[in-house]
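Engineer: The structure under discussion is supplied below as C-alpha cells; questions concerning it will follow.
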Amino acid sequence: MSRMVYEFPLDQADVRERFDNQDYQQARAYFNARYVLKLERSTDSGHCEAIVRGSLGEKYDVQLDWDEYGEYVDTYCNCPAFDVDSECTHIVTVMLALIDQDTGLASETMSQKKAGRSSSFLSMPMFGGMPASAIPGSAELENRYANQFLQLFAPSGGRGLRAVPTAANGDELAVIGVEFIVKATLESHRYASLIEIELKVGPKRLYVVPKIREFLDNMEQCEINPFSKSFTFNPNLHRFREEDEEVLRALAQIRHSEEFFTGGRASYYYDPNKNHRVLRVPPGSWEALRDKLGQVNATLEIDGQSCGPLPSIEPSMLSLSFDVGQAPNKKAYSVKPRGLDRIGLLSEYGLAVENGKLVSVNPDELRHLSAVKSWFEMERRSDVVIPPAKLSDFLERALPSLRKLGRVHIEKSLEERIVQPELKAKLYLDYKDESLHTRLEFDYGGQILVQTRKGTRRKEPSEASDIVLVRNLEREAQLTALLDASPWAGEADDRVLANEDDIYDFLYNRIPVWEKQAEVFATTAVRTLLQPMSQRPRASVDVDSSYDWLEIRFDMEGIDEREIRRILQSLVEKRRYYRLPSGAFLSLEQEEFREAASMMSDMDIRKSEIKGSRIQLPAVRGLRMSDRTEPGHGSLRIKWGSKLRQLLERMRNPADLEHPLPDSLGAILRDYQKEGFQWLKTLSFYRFGGILADDMGLGKTLQSIAYMVSEREEQQAAAGERRPSLVVCPASLVYNWESEIRKFAPQLRTSVVAGAKAEREGMLEQDIDSAVDVIITSYPLLRRDIEFYEGKPFGILILDEAQAFKNRSSQTAQTLKRVTAGRRFALTGTPIENRLGELWSIFDVVFPGLFESEKAFTAMAPDKIARIIRPFVLRRMKSEVLTELPEKIESVLYSELAVSQKKIYAAYLEKLRSETEETLQANGFQQGRMKILAGLTRLRQICCHPALFVEDYKGESGKLEQLLETVEECLDNGRRLLIFSQFTSMLEMIRGELAAAGRPCFYLDGSTPSAERLQLCDRFNSGENDIFLISLKAGGTGLNLTGADTVILFDLWWNPAVEQQAADRAYRIGQKKVVQVMRLVTQGTIEEKIYELQQRKKDIANEVIQSGEASLSSLSEEDIRELLAVPV
C-alpha cells in the first residue's frame, strides 16, 4: 500500500550522524520536555511547518522540505543560531518529532482519506513528543495545562528553580551534586581584591560549568543544560538540594545585577565575557552569600592555590605584632612589623586572609591595615624610622591604631618615658563688654594645653623634658569640633560671641551639652544672664456671662504686668527668648512657653490684641481650645472657667442642651435629623453660624424647617419682636421649598417672592412688614431686589445650595453680606468642590468672624482649618447613618414653567378646558374620554418641553433646566443615575443636552434589540458611564440596573405602580446602596394635580396595569373635572 504522506527519510542514526552531538543531545532533551508546540505536515509533498519553544520560553518557526528518497533535505528556523550556522537545535528537535510520528501514521492517514478529508496538510499539534494518536483526552490535557500554569507560581524562591521534587510522571527527581569554588584574589598596592565563584555539577562525577551565566539563566527558566555525552542537566529529571538551591538563587540574583549595570557588555574595568566560568561577587552581596556558602559543599582558592573546604569566617585577632624601640643609630626610633607578609587582604569584602583562613575585620581597622601593608610593600622596607621630633606624634596618632591591629611591643627604656594620663576638659566662661568669652583647656594630669583658634599650646612649659606625653587626639578633636559649632569672633586665645542671639543659643542650648563633656566654670556675670526656671507662665481662660467675649489672663511669679505683655508679644513674634530688665535671658523655648505660644497661635492672637496680661477675644475663638481641656494635655498650667467648659462640652455634644422638638415634627424626624436639629439650635443659642453639609437626600431641608418652626414658637412664647426667616436658594428649588414647608410646617406663613419686578416689590413691601414667617426667593432675584432686603431685620437666613456663592468676589456673595440676619446657616452637600478658598467664601457670609481674613485663612495649614471649623460644620454621609435610612428614599423636586413655556401652557389649558366642558355636556364622559385624555397628555408634554408638541419652539423648559442642575449635583456627589421618561423625544433632547455638557450616557428605548439591552445593562453595572436614559415603556420592567443608586422620574405616570416598577430597576436584590428616587413636578400645573391625585388614590398601584395610557382609563369623570377645574 502506498503511503498517503511523505515519510521523513532520515532515522535517529542519520540525524545523530549529521548534527553536532551537543545539538543532538539538547534536541532530545527538548523533545522529551515537550518543546514541539505545533507540527503540520503536507499530505502531497515532503514539507512540514512547526513551532518549537526556545530555552527562554520564546517560540521559533521551523520549516523542513525533503524528497522521497532522502537525498535532499532543506531546513529553516528563525532563531538567531540558524542565522549564524544554518542549523540549530530546534530543527533537530522537529526531525526527532517527525521520526516519532511516522511510526503510526499510515493507518491514520488512510482513514482520513476514506472520510473524505481533502486538505493538503495534516495538523499535528504535539504534546510531549507523542504522535497525534496518543494525545491525551481533553480532560487530561486541561489538567496538564493547569499544572503547568500553577507551576509558574511554585514557591521556589527563584524565578524558575523547582521546589517540587517530582518529575512530570510522578517519579522522584534525581539529586544533582554541586561544588561551589570561592576564588579569592588578594589586593596589592596596585590592584583591588576580588571574589569570584566557579561551579561544578553532576550526578556522580562533577563537571565544570563552562558558562556559568548561561547555566544560571537556564536554571531559572527550567531549561536543559548539556555538559557531556553522558550527562545533560534536565530540570524535569534533576533537582538540587535545598541548600544548594539557596546559593544558586543568590548567584542568579548577582547575575541579574551584573546584567543590569553592565548591560552584558564589557567595560574598561570589567569584562563579564572574559572568563565564562566565573561570576564576580560584588562586595555588597558577599555577606548574604557567605552565610549560605557555609551550608554547602564549598572550597576556597586564594590567588589560584587551593586551600581546601571553605572555612568558617569569624572575627579574630591576627597574628600581627609591631616592635617599637631605638633605631640602630640610637638617635631615632624604629617601628618593625612582624607577620605582615603572611597576611593577605580582601578589603572590599571586610576580610583578611591568614594561613588559608578568612578573618572578619572591623572596617576602620581594615582600612589602617591595608594602608600599612600597602606602604611597606611600595617602599620595600622592613621597618620605618621615627625621628625624635616625631615620636610624640607617632605615639599620639599611630600607636592607638596599631594596638587595634595587633600586639605592640615597646622597648622598656622608651616605655618608661611615656605617660598617658586621662584627659579632663575644662570650659571657662565670662561676660564682659556685652560679649561672651570662652576658653577651652585640656588637662593631662597637671599638664595643661589651651585650645586656641590657631591650635593648641601649653599653658606653661613642661619641667620634665624627657617625658613623652601621649595625648587623646581623637577626644580633643571631638571637643574642638563641638566648640567650633558656634560663630566665634576674635583671634586671641579666648573665643568671643558678641551677637545677642548667639550668646543666648550658647548659654541655653550649648551649655547643657558641654556639661556632659567637660567641667564648665562660669563667672558671676555669666550666671546673672541665666534666668532661673521658676518664672513659669500660668493662664486662666473663660467666657463672659453673655458668651460674647473670651478672656485669657497670664501670670508669672516675680514679673509685672507690663513685662508679661512684652513676653506675650515676643511669643506671638515667635522669638526664642526675652531679655528681662536685669539683662537676664528668659528662654521662651521652655515647654510651658511653647505650649502658651501654641495656644495663642491656635487662636490667631495678634500682637495688637495683647494690651496687658489680660487678652479679650471673640468667644468663638475659645472653641479652638476644645482639645486642650482634656486632662494631661500639655505642661502649661491653665485654669478653665466653668462657662467655657460648658460651652465646649455643648459644642462637642449639641444634644446635651435638649432643645424641645416641635410637636408637629417630633414623630417625623429620624434620629440623625434630630441630632441635626439640636446642632442648629445649639449654634443658634450661642449666635454662631454654620454649614449643614449632609449628603444629598438626608433631609437638610426638613432639618432647617424644624429649626425655623422651633425658633418661631420660641419667639411667639416670648412675645418678642417678630423677625421672619429668609430662605434663598436656586430658582429651580423655590417652589420645592414652599411645598416642603406646606407639607411639614403648614403653620408657618410662607411667601414666595417671584414674578415680575413690580409684583416682587409689592410682595416685599407687604410681606416683610406683615405677619409672614418665611420668605423664599432665589439668588438671582435677591441680587435684583437687594435694596428691599437691605436693612430689614431677619431672624434667620437659610442659604440652600451654598455653592452658589463659593466665589467670594461674585455678585451673589457680596449681595448676601448686605442682608441683616441674627442667625445664618448654609446648606450644601459639597462645601468644597474645587479649592479650599470656597469654604472661606461660605463662612465669610454665614459666620464672618470665624476667620480673621482671607489672607490669614489661606496661610493656615489644612489641619488647623479643620480644627477651627469642626464645631460649625455638620456633615453625615448616607453610609454613616445607613441604619437610620430607609432602603429607598423618595422625594419630589418642584420646578417652574419658563416664561415662554408658561404662555403656551396657559393658552392650551384654556382651550382644553373649554373643549372638555363642551364634550362632557354634548357626548358624556364615556364617548369623549379618549379625546380628553389625549389633551391631558399634551399638557404633560408642554410641562416637559413645549418642543414635544409645538413645532419650531425655541424657548426654554424650566423642568429640563432643573434636571440638568440635579444631574450635575448628583454626579459631583459620586452618584449614578437612571433617568426615565415616557416620551422618547424628550429623552433625545436630554441626551443632546448631556452630550453638549460632555456627559456620556447610555440610551435605551423600544427600538433597542433585546441582546443589546442586556449588553448595555452589563456595561452600566460594571461602571461604564454614570447616566442611563430609559424609556418607561421599554425599560420599566425586566432590567437589572443595581449599578445605579439614583432614579429620576422626569415625567409622572398616572399610576404610582408604574413609577414603582421603574424605581425597582435599581432597587432590587444585589443593590448595596441606598436608592434615592426623585420625581420632577412642575409647580402650578396639571403635574402637581396628578401628583396630589396619586397620593389620594394609592390603591390604584395594586391594580395590574400594562401601560400608562391603560391607567388613564381608570380615571373617573370627577377626576377629569378636578384636574382641569371644569365645573360640574
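Engineer: Of K200/K373; K574/K855; K674/K888, which pairs sit farther than 28 Å apart, going by alpha carbon to alpha carbon?
Structural biologist: K200/K373
Engineer: Going by average Cβ density within 10 Å per residue, which order do the peptides 999-1008, 613-622 take, highest to lowest?
Structural biologist: 613-622, 999-1008
Engineer: Per residue of segment 280-297, what does 6.51 cos²θ - 1.76 cosθ + 1.60 with θ = phi - 60° give for ³J(HN,Hα)? Whole Hz please, x for Gly and Pro, Karplus curve as stated.
Structural biologist: Working through the residues one at a time gives 6, 9, x, x, x, 9, 5, 4, 5, 5, 4, 5, 6, 5, x, 9, 10, 7 Hz.
Engineer: Given labels modelled 7 Å from the Cα in the Cβ direction, how far is it in nm from R784 to R579?
Structural biologist: Between R784 and R579, the label points sit 6.8 nm apart.
Engineer: I'd like the Karplus ³J(HN,Hα) series for segment 392-406: coefficients 6.51, -1.76, 1.60, θ = phi - 60°, whole numbers in Hz, and an x wherever there's a Gly or Pro.
Structural biologist: Values, residue by residue: 4, 4, 4, 5, 7, 9, 8, 4, x, 6, 4, 5, 7, 8, x Hz.
Engineer: Between D74 and S540, what is the label-point separation in nm under the 7 Å Cα-to-beta-carbon projection?
Structural biologist: Those two pseudo-labels are separated by 11.1 nm.
Engineer: List the residues whose amide H sits under 5 Å from the amide H of C307, counting only those 5 or more places along or on another chain, with H placed 1.01 Å from N in the peptide plane.
Structural biologist: L300, E301, I302
Engineer: What is the extension gain from K38 to E1118, computed as 0.36 nm multiplied by their sequence separation minus the C-alpha to C-alpha distance, in nm to one decimal? Please list the in-between numbers first.
Structural biologist: On the way: separation 1080, 0.36 × 1080 = 388.80 nm, distance 8.21 nm.
The span from K38 to E1118 would gain 380.6 nm if fully extended.
Engineer: How much net charge surrounds L395 when only other residues with a Cβ under 12 Å from its Cβ are counted (Lys, Arg +1; Asp, Glu -1)?
Structural biologist: Once all neighbours under 12 Å are counted, the net charge is +2.
Engineer: Can I ask one more? Under 16 Å from the Cα of K681, which lysines turn up, not counting those fewer than eight places away in the same chain?
Structural biologist: Leaving aside lysines fewer than 8 places away in the same chain, those within reach of K681 are K700.
Engineer: Roughly speaking, what is the centre-to-centre gap between segment 932-967 and segment 348-407 when only Cα atoms are used, to the nearest Å?
Structural biologist: Using only Cα atoms, the two centres lie 99 Å from each other.
Engineer: Can you work out the base-10 log of I(q)/I(0) for segment 879-1013 at q = 0.10 1/Å, using the Debye formula on its C-alpha atoms alone?
Structural biologist: Per q value, in the given order, log10 I(q)/I(0) is -0.49.
Engineer: Could you list L497, L920 in order of exposure, starting from the residue whose Cβ has the fewest other Cβ atoms within 10 Å?
Structural biologist: Ascending number of Cβ neighbours within 10 Å: L920, L497.
Engineer: Here's a follow-up. What's the whole-number percent of alpha carbon pairs in segment 431-574 lying beyond 27 angstrom?
Structural biologist: The proportion of pairs with Cα distances above 27 Å equals 45 percent.
Engineer: Could you please tell me the mean projected area of the C-alpha convex hull for segment 657-884, averaged over all directions and given in square nanometres to one decimal?
Structural biologist: So the mean shadow area of the Cα hull is 12.6 nm².
Engineer: Lysines within cross-link reach of K903: Cα-Cα under 23 Å, excluding same-chain residues under 8 positions apart?
Structural biologist: Output for K903: K757, K911, K931, K954, K959, K1089.
Engineer: If you count, for each residue, the other Cβ atoms within 10 Å and average over each peptide, how do 243-254, 584-595 line up from highest to lowest?
Structural biologist: My ranking of the peptides, most packed first, is 243-254, 584-595.
Engineer: Roughly what % antiparallel, to the nearest 5, for the DSSP beta bridges in segment 315-415?
Structural biologist: Approximately 75 percent, going by the DSSP bridge assignments.
Engineer: Which log10 I(q)/I(0) values, to two decimals, does segment 790-874 give at q = 0.16 Å⁻¹ under the Debye formula with one point per Cα?
Structural biologist: -0.60
Engineer: Could you calculate the contour length gain from S188 to S486, that is, 0.36 nm times the residue separation minus the distance between their Cα atoms, to one decimal place in nm?
Structural biologist: Details: separation 298, 0.36 × 298 = 107.28 nm, distance 4.40 nm.
Extra length available between S188 and S486 comes to 102.9 nm.
Engineer: Still on this structure, I have one more. With θ taken as phi - 60° and the coefficients 6.51, -1.76 and 1.60, list the Karplus ³J(HN,Hα) couplings across segment 1013-1019 in order, rounded to whole Hz; mark glycine and proline as x.
Structural biologist: Karplus values, whole Hz, x for Gly and Pro: 4, 5, 4, 4, 4, 5, 5.
Engineer: Skipping prolines and chain starts, which residues have an amide H placed within reach, meaning under 5 Å, of the one on T452, given they are 5 or more residues away or on another chain?
Structural biologist: Correct list: R457.
Engineer: At R0 = 45 Å, how high is the FRET efficiency between R397 and R527 if r is their beta carbon distance? Nearest 0.05 is fine.
Structural biologist: It comes out at approximately 0.70.
Engineer: Could you calculate the contour length gain from E852 to Q811, that is, 0.36 nm times the residue separation minus the distance between their Cα atoms, to one decimal place in nm?
Structural biologist: Computed gain between E852 and Q811 is 12.6 nm.
Engineer: Using the beta-carbon distance between A771 and K1089 and R0 = 22 Å, what value does 1/(1 + (r/R0)^6) give for FRET efficiency, to the nearest 0.05? List each step's numbers first, then the result.
Structural biologist: Numbers: r = 29 Å, r/R0 = 1.32.
In this case the efficiency is close to 0.15.
Engineer: Treat each spin label as a single point 7 Å out from the Cα along the C-beta direction, and report the L414 to E988 distance in nm.
Structural biologist: Between L414 and E988, the label points sit 11.0 nm apart.
Engineer: In addition: How charged is the neighbourhood of A33? Take every other residue with its Cβ under 9 Å from the Cβ of A33, and add Lys/Arg as +1 and Asp/Glu as -1.
Structural biologist: Summing Lys/Arg as +1 and Asp/Glu as -1 gives +1.
Engineer: Rounded to the nearest 0.05, what FRET efficiency do N973 and K424 have when you use their Cβ-Cβ distance and R0 = 60 Å?
Structural biologist: Values: r = 74 Å, r/R0 = 1.23.
Result of the calculation: an efficiency of 0.25.
Engineer: Here is a follow-up. Ranking R940, R458, R241 by Cβ neighbours within 10 Å, fewest first, what do you get?
Structural biologist: Result, fewest neighbours first: R458, R241, R940.
Engineer: Report the Stokes-Einstein translational diffusion coefficient (µm² s⁻¹, integer) for segment 174-306, Rh taken as the Kirkwood radius over Cα pairs, at 20 °C with viscosity 1.002 mPa s.
Structural biologist: 138 µm²/s
Quick note: the coordinates plus some simple rules give every number you see, no bench work behind them. These figures come from a predicted structure and were not determined experimentally. No Cβ is skipped: glycine too gets one built from the backbone with ideal geometry, and neighbour counts run over all protein chains shown.
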